[in-house]
Amino acid sequence: MDFIDQHRDTHGVEPICKVLQIAPSGYRRHAALRRDPQRRCARARNDEVWVLQIERVWDAHMQVYGAEKVWRQLKREGMTVARCTVERLMRRQGLRGVTRGQVVRTTTSDSTALRPLDKVHRKFHA
């Protein structure tokens, strides 16, 4: 969007959007919402408020709370928000709780290891 803003006087919005393969109406909507944030949808406006509250709770508890505990803490403080909203916003902000007592296991296969024989006797064509 910044690129279009910088070059719109020289080339115009429609030709730039055509080359970038975006709809001019999409650019104009984005520009209008940037000029007047109150025109955004209710979910986007609410998300701004919830993100601040979620980050506050997450930071206040040493960044170890996951979505469930953040949601419960917000409930204790009298704020009504859906748990799935907390999960979505934490994921979007890159906030994660600490996983304790669980070992992360990964599997690496050994291509040189012997495999058991095919007990179904299938015929594979090479």
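What do you reckon, is Arg39 surrounded by 10 or more Cβ atoms within 10 Å (Cβ to Cβ) and either more than 21 Å from the chain's Cα centre (by Cα) or modelled with pLDDT under 90 (or both)?
On the way: surrounded by 10 or more Cβ atoms within 10 Å (Cβ to Cβ): yes; either more than 21 Å from the chain's Cα centre (by Cα) or modelled with pLDDT under 90 (or both): yes.
When the stated conditions are applied, Arg39 passes them.
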Looking for whichever is on the phi > 0 side of the Ramachandran plot and surrounded by 11 or more Cβ atoms within 10 Å (Cβ to Cβ) here; the options are Gln73, Gln63. Which one fits? Gln63
Go through the residues of the stretch 97-107 one by one and say whether even a single one is among the polar types (S, T, N, Q), loosely packed, with under 15 Cβ neighbours inside 10 Å and in a helix (DSSP H, G or I). no
Could you list all residues from the stretch 75-96 that are in contact (Cβ under 8 Å) with a residue 12 or more places away in the chain, of a type in the set (A, V, I, L, M, F, W, C) and either closer than 13 Å to Asn46 by Cβ or in contact with a Pro (Cβ under 6 Å, 6 or more places away or on another chain) (or both)? Met79, Val81, Val86, Leu89
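Considering only the stretch 1-88, give the helices (runs of 4 or more DSSP H) lying wholly within it that have at least 1 residues that are closer than 30 Å to Arg100 by Cβ. Let's see the steps before the verdict.
Values: elements: 2-11, 13-20, 24-35, 42-60, 67-76.
Fully inside the stretch 1-88 and qualifying: 42-60, 67-76.
The values are calculated or read from the model by the stated rules, or taken from the named source; none is laboratory data. Given the structure is predicted, the values throughout are model-derived calculations rather than measurements. Don't worry about glycine lacking a Cβ; one is built from the backbone with ideal geometry, like all the others, and counts go over all protein chains shown.
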